[in-house]
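Student: Here you go, one structure.
Please treat every number below as a calculation from the coordinates, not as lab data. Bear in mind the structure is a predicted one, so any value in this text is a computation, not a measurement. Methodologically, a virtual Cβ is constructed for each residue, glycine included, from the backbone with ideal geometry; neighbour enumeration extends over all protein chains shown.
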Amino acid sequence: MTGTTAPVRIRSGIRFDSVSVAYGGNTVLDALDLNVEPGEVMALLGPSGSGKTTALRAVAGFVRPAAGRVFIGDRDVTDVPPHRRGIGMVVQQYALFPHMRVKDNVAFGLKARKTPKREIPGRVAEALELTGMAAYAERHPRELSGGQQQRVAIARALAIRPDVLLLDEPLSALDAQLRSGMLGELARLHRELPDVSILYVTHDQVEALTLADRIAVMDQARLWDCGTPQELYRRPRTHFTASFVGNANLLPVRVVAGGVSFAGTDLAVATDRAAPGADATLCVRPHLVGLGEGPNALRGTLSEVQWRGATHRLYVDVAGHRVKADLRELRDPPELGAEVTLHFAPEDAVLLGAGVSDA
């Protein structure tokens with residue numbers, strides 16, 4: 001057989017089998033085990049240096065694991081070169097060729113893969129239509145906005161009809177308004193490409209919560225938690241997940257009969273996973289904290305009020321601990337220094353920490 005053959009079409013999906021990556025003796029990805037189901041959007045969420053981009057690059061074939069194997073579908077691609085993996089990739093810098101028109105940028109990957117010439121115009125038109133950029137085919141990148149350039153980059157990745165789409169911080173270079181619009185576009189693309197598995201790297205929790213079917217939370221080269229956005233937000237299993245996915249009050253407590261004790265106040269919460277007498281942490285989301293009397297009342301001094309348009313955020317000092325409450329916009333918020341009472345429902349708290357499963 002002569003010439004370059006196209007990548008073999010395979011069932012989509014990604015599997016990391018104890019994948020580790022090290023640079024100069026420093027481990028930057030530590031024994032990652034993770035499955036991305038066919039057609040699923042999996043967000044890798046974590047701060048800089050958490051290992052999320054390294055994981056994505058291992059799938060792309062740009063880094064070689066020191067240990068473990070990478071699978072796309074049922075095929076071990078650990079030793080397969082990037083152009084044979086059947087992937088599309090979009091990065092934050094767009095990486096468009098400035099001297100090429102939009103249609104030629106989108107065609108670039110097809111030409112590199114030796115796609116028959118007669119097929120290229122149709123594939124380019126299909127990808128541009130899918131991303132809403134069909135009317136801009138003759139323009140150069142300099143004639144486009146940042147959001148439009150990112151759509152072209154996505155069109156180029158989709159033109160090759162990938163089994164897997166890798167998105168590495170694709171919206172981080174956009175301003176807030178463009179980012180919001182692109183989130184909607186990516187969600188629409190996901191609906192229109194139900195068979196493509198998407199691995200989405202981000203440090204932005206809103207992007208992850210908005211787009212992902214599941215979120216893998218990473219820090220310090222390790223996977224800490226994985227679940228649906230609702231699971232991780234409502235019932236986090238680790239301190240890091242609670243603090244990084246959404247906003248949280250993390251209150252030091254001691255487990256007592258019927259609940260926990262915080263700053264000398266007994267609170268009724270579920271403690272079925274806790275050891276009696278253990279020190280632990282209580283996680284309560286600020287939007288689930290109310291102002292005024294109610295169950296699990298916490299009394300303290302109002303130290304700060306922030307107006308956020310539709311809401312007010314109150315910071316209350318409770319026995320030296322800062323407790324946050326996000327409330328629908330108040331007509332007459334309390335004065336700073338006022339004594340106030342906060343409350344939350346027992347079912348809205350999650351227990352974490354010592355004596356509690358944190359894995």
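Student: Could you line up Val36, Val318 from fewest to most neighbouring Cβ atoms inside 10 Å?
Tutor: Fewest to most other Cβ atoms nearby, the residues stand as Val318, Val36.
Student: Which residue fluctuates the most in the chain, going by a Gaussian network model with Cα springs under 10 Å, if the choices are Leu336, Leu186, Leu167?
Tutor: Of Leu336, Leu186, Leu167, the most mobile in the Gaussian network model is Leu336.
Student: Just to check I understand the Karplus step: with θ = phi - 60° and J = 6.51 cos²θ - 1.76 cosθ + 1.60, what whole-Hz values come out for the stretch 13-21, glycine and proline as x?
Tutor: Each residue's phi maps through the Karplus curve to give x, 10, 9, 9, 10, 6, 7, 10, 10 Hz.
Student: Of all the stretches in the chain, which is the longest one without any exposed loop site, taking trypsin sites (Lys or Arg not before Pro) in a DSSP loop (any state but H, G, I, E, B) with at most 11 other Cβ atoms within 10 Å?
Tutor: No qualifying site falls inside 115-307, the longest such stretch.
Student: Same structure, new question: Quick check: residue separation of Arg69 and Ala338 times 0.36 nm, minus the Cα distance between them. What number comes out in nm?
Tutor: My answer for the length gained is 91.0 nm.
Student: Using the Cα centre of the chain as the reference point, and only Cβ charges (+1 on K/R, -1 on D/E), how large is the resulting charge dipole? Debye, rounded to the nearest 20.
Tutor: With Lys and Arg at +1 and Asp and Glu at -1, about 1680 debye.
Student: Here's a follow-up. Classify the stretch 192-308 as rounded, prolate or oblate from the Cα gyration tensor: take a ≥ b ≥ c as the square roots of its eigenvalues, call it rounded if a/c is under 1.5, otherwise prolate when a/b beats b/c and oblate if not. Write out the running numbers ahead of the final one.
Tutor: Numbers: a/c = 2.54, a/b = 1.70, b/c = 1.49.
Prolate.
Student: If the chain between Asp317 and Arg191 were fully stretched, how many nm would it gain, using 0.36 nm times the residue separation less the Cα-Cα distance?
Tutor: The Asp317-Arg191 span can extend by a further 40.8 nm.
Student: Which far-off residues, 5 or more places away or on another chain, put their amide H under 5 Å from the one on Leu165, with H placed in the peptide plane?
Tutor: Gly88, Ser197, Ile198, Leu199
Student: How many angstrom lie between the C-alpha centres of the stretch 256-275 and the stretch 92-106?
Tutor: The distance from the Cα centre of the stretch 256-275 to that of the stretch 92-106 comes to 58 Å.
Student: Spelling out what I want: for every residue of the stretch 148-162, take phi, set θ = phi - 60°, compute 6.51 cos²θ - 1.76 cosθ + 1.60 (Karplus), and round to whole Hz; glycine and proline get x.
Tutor: Here the 3J(HN,Hα) series is 5, 4, 5, 5, 5, 4, 5, 4, 4, 5, 7, 4, 7, 6, x Hz.
Student: Right, here's the next one. So how far, in whole Å, is the C-alpha centre of the stretch 158-208 from the one of the stretch 279-295?
Tutor: Each part reduced to its Cα centre gives a spacing of 34 Å.
Student: First select every other residue whose beta carbon is under 11 angstrom from the beta carbon of Asp204; then total the charges, Lys and Arg +1, Asp and Glu -1.
Tutor: Around Asp204, the surrounding residues sum to -1.
Student: Students often get this wrong, so try it: which of [x] 22.9; [y] 21.5; [z] 22.2 is Kirkwood radius over Cα pairs in Å as calculated from the structure shown?
Tutor: [x]
Student: Quote to one decimal, in nm, the extra length available between Gln306 and Glu293 on full extension: 0.36 nm per residue of separation minus the C-alpha distance between them. Walk me through the intermediate numbers first.
Tutor: On the way: separation 13, 0.36 × 13 = 4.68 nm, distance 2.16 nm.
Gain in length upon complete extension: 2.5 nm.
Student: A further question follows. Compute the relative contact order of the chain as a whole-number percentage, counting only Cα pairs closer than 8 Å that sit 6 or more residues apart in sequence.
Tutor: On the way: 786 pairs, mean separation 58.1, N = 359.
The normalised contact order for the chain reaches 16 percent.
Student: Amide H of Trp224 versus every other amide H placed in the peptide plane: which residues, excluding those fewer than 5 positions away on the same chain, fall under 5 Å?
Tutor: Val217, Met218, Asp219
Student: Based only on other Cβ atoms within 10 Å, what is the fewest-to-most ordering of Met182, Met100, Met42? Intermediate values should be presented prior to the final figure.
Tutor: Values: Met182 19, Met100 14, Met42 23.
Ranking Met182, Met100, Met42 by Cβ neighbours within 10 Å, fewest first, gives Met100, Met182, Met42.
Student: Find me the longest stretch of the chain that has none of the exposed GluC sites (Glu not before Pro), where exposed means in a DSSP loop (not H, G, I, E or B) with at most 11 other Cβ atoms within 10 Å. Intermediate results must be reported in sequence, preceding the final value.
Tutor: Numbers: sites that count: Glu138, Glu293, Glu329, Glu335.
Segment 139-292 is the longest.
Student: Which value at 222 nm does the chain reach when only helices count, each DSSP H run of 4 or more adding -39,500 (n - 2.57), with the total divided by all residues and rounded to the nearest 500 deg cm²/dmol?
Tutor: Calculated at 222 nm, the ellipticity per residue is -6500 deg cm²/dmol.
Student: Moving on to the next point. Straight distance only, please: which lysines reach the Cα of Lys114 with their own Cα at less than 20 Å, same-chain residues fewer than 8 apart left out?
Tutor: Straight-distance partners of Lys114: Lys103.
Student: Please turn the phi angles of the stretch 55-72 into ³J(HN,Hα) values with the Karplus equation 6.51 cos²θ - 1.76 cosθ + 1.60 (θ = phi - 60°), one per residue in order, whole Hz, x for glycine and proline.
Tutor: Computed from phi, the couplings for the stretch 55-72 are 4, 4, 5, 5, 5, 5, x, 8, 10, 9, x, 6, 7, x, 10, 10, 10, 10 Hz.
Student: What is the order of Cys283, Cys226, fewest Cβ neighbours within 10 Å to most?
Tutor: Cys226, Cys283
Student: In whole percent, what relative contact order does the stretch 225-351 give with Cα contacts below 8 Å and a gap of six or more residues?
Tutor: 26
Student: Another one. Quote the FRET efficiency, to the nearest 0.05, computed for Val206 versus Lys117 with a Förster distance R0 of 51 Å and r equal to the Cβ-Cβ distance.
Tutor: Once rounded, the FRET efficiency stands at 0.75.
Student: Hey, another quick one. I'd like the distance separating the alpha-carbon centroids of the stretch 12-60 and the stretch 299-359, in whole Å.
Tutor: 36
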